[in-house]
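Report on one structure; see the data block that follows.
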Amino acid sequence: MKISYSADLYVLLTIDGLYIFIPQSQIESVEIIADTHITSTTTGAVGWFSQGHGGGRDVPVFCLSKNLTLQQDIPQSREYFVLLKSKDEQAPVGITCDEVENLNIKHEELFFQELPAVMKNQGFFESPIEQFLIYNEKVACVCTGEKLTDYIHTQSQHYIEKRTDY
């Protein structure tokens, strides 16, 4: 399903109870996990999604934990994945999630809070999380699709390097 754009419209991804808000304009589509060809990959992806029903390009689909690390096993709760729009000539990236919901930030009266500097690094990787907000009495993360895509590419590169270190 294609998603329309408004500056106040966000897509809420739920991953193992973690809420991640991404601007709706940066999501290419929402798909069901059954449309993914699940297979072991050398890049850390859990499978591939063929855009255009075989006539398009294959897009890697990644599975993140609630700590935003790559995981190789897809939990049964993952029913969907979103395709993040690509920048430049990069292929889109798929991310599995338990639930997906469209929300209007103004209508829901949600307010962004700046992320403290101490929270911007996550181990060796710069966190893709730029802001947070309170949603359903829980802290939710806010990030752009571009930052999340870059983060996943970095995680994938680290996964590849770790595999070749043997």
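The values are calculated or read from the model by the stated rules, or taken from the named source; none is laboratory data. The shown structure was predicted, so the numbers you read here are calculated from the model rather than taken from an experiment. Methodologically, a virtual Cβ is constructed for each residue, glycine included, from the backbone with ideal geometry; neighbour enumeration extends over all protein chains shown.
A quick yes/no check of all residues on (1) farther than 20 Å from Gln155 by Cβ; (2) surrounded by 13 or more Cβ atoms within 10 Å (Cβ to Cβ); (3) touching a strand residue (DSSP E or B) at 6+ places or on another chain (Cβ under 7 Å); (4) modelled with pLDDT under 95:
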position: Tyr5; (1), (2), (3), (4): yes, no, no, yes
position: Leu13; (1), (2), (3), (4): no, yes, yes, no
position: Pro23; (1), (2), (3), (4): yes, yes, yes, no
position: Asp35; (1), (2), (3), (4): yes, yes, yes, yes
position: Gly47; (1), (2), (3), (4): no, yes, yes, no
position: Gln51; (1), (2), (3), (4): yes, yes, yes, yes
position: Cys63; (1), (2), (3), (4): no, yes, yes, no
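In the range 65-97, how many residues are surrounded by fewer than 16 Cβ atoms within 10 Å (Cβ to Cβ) and of a type in the set (Val, Ile, Thr)?
Result for the range 65-97: 1.
Among the residues of the range 140-150, is there at least one that is out of contact with any Phe, Trp or Tyr (no Cβ under 6 Å at 6 or more places or on another chain), over 22 Å from Thr36 (Cα atoms) and in a loop (DSSP other than H, G, I, E, B)?
yes
Being touching an Asp or Glu at 6+ places or on another chain (Cβ under 9 Å), outside any loop (DSSP other than H, G, I, E, B) and of a type in the set (S, T, N, Q) is the filter here, so list the residues in the range 61-108 that pass it.
Scanning the range 61-108 gives Thr96, Asn104.
Restricting attention to the range 120-127, does a residue exist that is under 21 Å from Thr42 (Cβ atoms) and either hydrophobic (A, V, I, L, M, F, W, C) or modelled with pLDDT under 90 (or both)?
Scanning the range 120-127 turns up at least one residue that is under 21 Å from Thr42 (Cβ atoms) and either hydrophobic (A, V, I, L, M, F, W, C) or modelled with pLDDT under 90 (or both).
Please go through the range 90-119 and pick out each residue that is more than 24 Å from Ser29 (Cα to Cα), modelled with pLDDT under 90 and hydrophobic (A, V, I, L, M, F, W, C).
Leu115, Ala117, Val118, Met119
With the structure loaded, tell me whether Lys138 is loosely packed, with under 13 Cβ neighbours inside 10 Å, within 15 Å of the chain's Cα centre (by Cα) and either farther than 20 Å from Ser29 by Cβ or at pLDDT below 90 (or both) or whether it fails that test.
no
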